[in-house]
Amino acid sequence: MAIMQQQSNSNLDTARQYVNEVYETVKKRNPGETEFHQAVKEILDSLVPVFAKHSKYQDHAILERIVEPERLITFRIPWVDDNGKVQVNRGFRVQFNSAIGPYKGGIRFHPSVNASIIKFLGFEQIFKNSLTGLPIGGGKGGSDFDPKGKSDNEIMRFTQSFMTELSRYVGPDTDVPAGDIGVGAREIGYMFGQYKRLVGGNEAGVLTGKGLLYGGSLGRTEATGYGLVYFTREMLKTKGERLEGKTVIVSGSGNVSIYAIEKAQQFGAKVVACSDSNGYIYDENGIDLATVKRIKEVERKRIKEYVNDHPTAIYVEGCENIWSIPCDIALPCATQNEINEESAKLLVANGVKYVAEGANMPSTLEAIEVYLNNGVYFGPAKAANAGGVAVSALEMAQNSARLAWSFEKVDKKLKDIMKNIYKNSVNAAEEYGYSGNLLVGSNIAGFLKVADTMIVHGVV
């Protein structure tokens, strides 16, 4: 028994050394790309027990290959503003891994977009898409264009220029983008119209998140937020608890946040706070979602307007202190690294029991350590927010078959997918000695499917 334990420890040490060597190579090859480094480290650290148990993945250099994008496309986007002045932005598309299917991942328009952010998002997307059980690979795209304050005509001209370049690299069986931060139904519509204009024909499957009039899917708008809550509900079930009566904080007030609030409230939870990039609102009576939807989806105004309709609510400038509000459940749905170590400690001090990520990588590595060290049950983004890409893949299936499914059918499939993601993450964590650790479990479950496929395909 002692000899077997020594061998096991030796295997772990060897695997850890190997993983660290790969990570150091990633940092050397991608200098200054801190978000990409963070995403790679979080996943690679989780995979140590896999490499300790199975030498075949090291023999086939799967890790060295999976951290390197199949291609990274960078391009210029010239467009003309309403004053007749030529503006120039930078566009990106990373086609990271196509082992299990065509590249699939959103397009983000935000001033912070750069190669590091696009690569971190694309890398995460590989494992997230694998977890859905659907045949889609990992990709991501975007631009440093800021849609805030732009007219509809400016956004149309920009997105048409963006798609003029991107159209060379995407297609229904090659790469299927969707929306992300700054890219909603309006932007998808303009991009789809330009793609049709350039390519000819009506290839509905080239984009997902489309309007219902031209090949979109019922349930796609709600999918990420609803899926997040379905995943959270599974987390609570494991602990013998329910969402009913729980106090919830949801950061952000965009698409994911709004529909996470909606579904949480439908399950009887009390959502008391949400935010935007300027600040947050706290309503001890529970957020009035109709007001938030009107402000953000119709009027396109800032969340501070909420207190005009609900004077007992409080608006606080700045977003970071939203995590100081006592809650049972935190659903960060705004952006990457919005919860740092200090914010995580505030959450713990104020009684949080569950954290499930609606945004991509909203918790720093230090924050995750705080959760795990304090018994907070943590649902990582690649598992918890996979509902959006899952229903995007269902939209692709409907487009291919020239069918339109009911909302009920799509929603049922979404529930089943989120349950399976949770179950598979739990089982993988258990199998590799990390019982109850959904971060390790989801990383391993997502990795194995892609890695095994890459081995079958040979060195490509």
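The values are calculated or read from the model by the stated rules, or taken from the named source; none is laboratory data. None of these values were measured; they are calculated from a predicted model. Please note: Cβ atoms are built from the backbone with ideal geometry, for glycine as well, and neighbour counts cover all protein chains shown.
A few points about this structure:
- Of all residues in region 134-188 being assigned to a strand (DSSP E or B) and of a type in the set (Asp, Glu), the one that is surrounded by the fewest Cβ atoms within 10 Å (Cβ to Cβ): Asp175
- Out of Glu284, Glu297, sole residue that is within 29 Å of Tyr377 (Cα to Cα) and either surrounded by fewer than 17 Cβ atoms within 10 Å (Cβ to Cβ) or free of Cβ contacts under 8 Å to residues at least 60 places away in the same chain (or both): Glu284
- Residue list for region 209-226, filter: without any contact (Cβ under 8 Å) to a residue 60 or more places away in the chain, hydroxyl-bearing (Ser, Thr, Tyr) and assigned to a loop (DSSP other than H, G, I, E, B): Thr221
- Within region 227-234, one or more residues are more than 14 Å from Ala330 (Cβ to Cβ), over 18 Å from the mean Cα position of the chain (by Cα) and either part of a helix (DSSP H, G or I) or aromatic (Phe, Trp, Tyr) (or both).
- Residues in region 181-211 that are of a type in the set (Asp, Glu) and either more than 24 Å from Gly101 (Cα to Cα) or out of contact with any helix residue (DSSP H, G or I) (no Cβ under 8 Å at 6 or more places or on another chain) (or both): Glu187 only.
- Residue count, region 323-336 (criterion: within 18 Å of the chain's Cα centre (by Cα) and either surrounded by fewer than 17 Cβ atoms within 10 Å (Cβ to Cβ) or at pLDDT 95 or above (or both)): 5
- Pairs with Cβ under 6 Å, 6+ apart, first in region 102-117 and more than 18 Å from Met163 (Cα to Cα), second of a type in the set (Val, Ile, Thr) and at pLDDT 95 or above: Pro102/Thr174; Pro102/Val176
- Residue that is of a type in the set (Ser, Thr, Tyr) and not assigned by TED's automatic domain parsing to the domain that holds Ala269, where the choices are Ser392, Ser363: Ser392
- Members of region 172-185 that are modelled with pLDDT under 95 and out of contact with any strand residue (DSSP E or B) (no Cβ under 6 Å at 6 or more places or on another chain): Pro172, Asp173, Gly184, Ala185
- Index of the failed condition, Val94 passing every other in (1) in contact (Cβ under 8 Å) with a residue 60 or more places away in the chain; (2) in contact with a helix residue (DSSP H, G or I) (Cβ under 6 Å, 6 or more places away or on another chain): (1)
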